[in-house]
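No value in this document is a laboratory result; all are computed from the given coordinates. Small disclaimer: the values here were computed from a predicted structure and weren't measured.
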Amino acid sequence: MKSHYTNIKETDLEQIAKELLFEIQIFFENENRSCVVFLKGDLGAGKTTFTKFFAKIFGVEGVIVSPTFVLRKDYTNLIHIDGYRFEKGEEGKILDLEKELQDKGKVIFIEWPEKFVKSVGINPDFTIDFKHLNEEERDISIIKF
Ligand SMILES: Nc1ncnc2c1ncn2[C@@H]1O[C@H](COP(=O)(O)OP(=O)(O)OP(=O)(O)O)[C@@H](O)[C@H]1O
Ligand SMILES: [Mg+2]
């Protein structure tokens, strides 16, 4: 996995998702808890779109929808959270993630972590930053902690 990908088209996301999954598998060899991935970037930058590609190669069946209106959506071994609608960080406590944070093999994707993670005390194992370059292309940075 590279730390920076430039001029990424939507069709390139599957390959990046595969590289991330490989890193997450290494993470699970070393850690006995869930893997937390923060997804950052402006509205429409591609956070949900990337999540869909990741879910597909991670073996999640069915359609991944944006969790914007439900805050949290659970799939087999993948939890997808969108903090966009939280007005105060404390509202993030409603997500009640304590238990799942300790579940080995579970991946937790969080869009808009800026909105609540400080209040809830969740730290990232990976942060992915999406930058809008033009209609079809994005720059993507990945930090592994
Ligand atoms: N290279 C690309 N990578 C990601 N998305 C792309 C790319 N090119 C075009 N798109 C389109 O941009 C849109 C990205 O929307 P998406 O819902 O993934 O954004 P988001 O970051 O989740 O936004 P929000 O903060 O509103 O949840 C989609 O319609 C997608 O098809
Ligand atoms: Mg989204």
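Cα centroids of the stretch 18-55 and the stretch 70-144: 9 Å apart.
Taking θ as phi - 60° and the Karplus parameters 6.51, -1.76 and 1.60, the scalar couplings of the stretch 89-98 work out to x, 4, 4, x, 5, 4, 5, 6, 8, 2 Hz in sequence order, x denoting glycine and proline. Report summary: the helix-based calculation at 222 nm, which adds -39500 (n - 2.57) for every DSSP H run with n ≥ 4 and divides by the residues of the chain, gives -7500 deg cm²/dmol. In this structure the amide hydrogen of Ala45, modeled in the peptide plane, comes within under 5 Å of no amide hydrogen from residues 5 or more places off or on another chain. Rounded to whole numbers, the Karplus 3J(HN,Hα) couplings from phi for the stretch 46-61 are x, 5, 5, 4, 5, 4, 4, 5, 5, 4, 4, 6, 7, x, 6, 8 Hz, using 6.51 cos²θ - 1.76 cosθ + 1.60 with θ = phi - 60°, and x at Gly and Pro. For Tyr75, the residues whose amide H sits under 5 Å from its own are His80, ignoring neighbours fewer than 5 places away on the same chain, with H placed 1.01 Å from N.
Out of residues 5 or more away from Gly83 or on other chains, whose amide H comes under 5 Å of its own, with H placed 1.01 Å from N in the peptide plane? The list, which skips near neighbours in sequence, is Glu111, Trp112.
Computed from backbone phi with θ = phi - 60° and the Karplus coefficients 6.51, -1.76 and 1.60, the 3J(HN,Hα) list for the stretch 74-82 is 9, 10, 5, 6, 10, 10, 10, 10, 10 Hz; x is used for glycine and proline.
Over the chain, the ratio between the Cα radius of gyration and 2.2 N^0.38 Å evaluates to 0.98.
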